[in-house]
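Right, one structure below, let's go through it.
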Amino acid sequence: FEDDVLLAIDKPAGVAVHGGSGVAHGVIERLRAARPEARFLELAHRLDRETSGVLLIGKKRQALLALHAQLRERVTDKRYRAVVIGRWPLRTKTVQHPLHRYLTDDGERRVRVQAGGQAAITRITGLRQFELPGVGEFTLVEACIETGRTHQIRVHLAHSGFPIVGDDKYGNFELNKILEKLGYKGMFLHAFAISFRHPVEGRPLRVEAPLPAAFERLA
């Protein structure tokens, strides 16, 4: 989606949203390079490098500030799709565990469930259960986040005993290796849709990014 004040893209998995931490160029730097005539391009929010899907970019400062306000006030509706290991029930469950951010010994950012951490709420709905013969059972789920904490969906699902397929930080590493050999590479977490009000006109908008081909093959 694009108009005079707003751009929505479908970010590929494996691409950082901005440079830094060993990454020379992220989405926003590439967009600025591709559009040298653009006077203003700024990220409205972020996605993990390994997560694909809808990413909003402000093309005018007024629009960016309005989007930030909506995100801060939690009036947006963000929907993610993920494939998890195990049989998540085909109904909605609310996961509420406080999350604490910390750094590993080698300086990597991590998050864990910990009393006294930041409040975090994720509503997870099982959409379809399926089995890979000889490998195990899996579920395609939809996650709706009411708080936007770092790695929130990934940690909440892993803590619940249903890690996301291909998650290299919080997942089932042995099963990930087996799935990779079968051709299922990367993390199966996708920012599927976001609903919000147009930052200038005020009309409701919903932007969706189709599930990646890898999702279609697995789930």
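Could you pull out the pairs from 60/169; 59/185; 78/177; 11/177; 60/185; 60/93 whose alpha carbons sit more than 27 Å apart here?
Exceeds cut-off: 60/169; 59/185; 78/177; 60/185; 60/93.
With every protein chain in place, what's the accessible area of residue 49 (1.4 Å probe, Å², nearest 10)?
110
Let me test this: with uniform point scatterers at the alpha carbons of segment 163-219, what is the Debye-based log₁₀ I(q)/I(0) at q = 0.17, 0.19, 0.22, 0.29 1/Å?
Rounded to two decimals, the profile gives -0.63, -0.70, -0.82, -1.14.
Assign one of three labels to segment 1-96, namely rounded, prolate or oblate, based on the Cα gyration tensor with a ≥ b ≥ c the square roots of its eigenvalues; rounded applies when a/c is under 1.5, prolate when it is not and a/b is larger than b/c, and oblate otherwise.
oblate
Give me the percent relative contact order of segment 4-109, please, defined on Cα pairs under 8 angstrom at least 6 residues apart.
The value is 25 percent.
Once you keep just the Cα pairs under 8 angstrom separated by 6 or more residues, what percentage relative contact order results for the chain?
21
Full-extension gain between residue 2 and residue 77, please, as 0.36 nm times their residue separation minus the C-alpha to C-alpha distance. It would help to have the intermediate numbers written out before the result.
Numbers: separation 75, 0.36 × 75 = 27.00 nm, distance 1.91 nm.
Result for the pair: 25.1 nm of gain on full extension.
Given the -39500 (n - 2.57) contribution per DSSP H run of 4+ residues, what per-residue ellipticity at 222 nm results for the chain, rounded to the nearest 500 deg cm²/dmol?
Details: 5 runs with 43 residues, N = 219.
My calculation for the chain gives -5500 deg cm²/dmol from helical runs alone.
I need two numbers for the chain: Rg to one decimal and Dmax as a whole number, Cα atoms only, in Å.
According to the Cα coordinates of the chain, Rg and Dmax are 17.7, 54 Å.
Beyond 18 Å, what percent of the Cα pairs of segment 53-134 remain?
Working: 2224 of 3321 pairs.
The share of Cα pairs beyond 18 Å in segment 53-134 comes to 67 percent.
Per residue, how many Å² of accessible area does the chain show with a 1.4 Å probe?
Heavy-atom accessible area per residue stands at 52 Å².
How much accessible surface does residue 194 have with a 1.4 Å probe, in Å² rounded to 10?
10
Could you order the peptides 157-166, 144-153 from most to least packed, using the average number of other C-beta atoms within 10 Å per residue? Each step should come with its number before you reach the end.
Details: 157-166: 20.9, 144-153: 18.3.
So the peptides 157-166, 144-153, ranked by packing, come out 157-166, 144-153.
Counting only the backbone N, which residues of segment 152-191 are under 14 Å from the spot 7 Å out from the Cα of residue 104 toward its beta-carbon?
167-174
Over all pairs of distinct alpha carbons, what does the Kirkwood formula give as the hydrodynamic radius of segment 110-207, in Å?
Values: mean 1/r = 0.0648 Å⁻¹.
Final number for the Kirkwood radius of segment 110-207 is 15.4 Å.
Roughly to the nearest percent, how much of the accessible area of the chain is carbon and sulfur, given a 1.4 Å probe?
On the way: 5530 of 11370 Å².
It is 49 percent, rounded to a whole number.
Note down the magnitude of the dipole of segment 106-219 about its Cα centre, charges +1 on Lys and Arg C-beta and -1 on Asp and Glu C-beta and zero elsewhere, to the nearest 20 debye.
It works out to roughly 260 debye.
The values are calculated or read from the model by the stated rules, or taken from the named source; none is laboratory data. These numbers come from a predicted model, not from an experiment. Don't worry about glycine lacking a Cβ; one is built from the backbone with ideal geometry, like all the others, and counts go over all protein chains shown. Please note that ligands, DNA and RNA were not included when accessible areas were found on the heavy atoms of the full protein model with its side chains. Shrake-Rupley method; radii C 1.70, N 1.55, O 1.52, S 1.80 Å.
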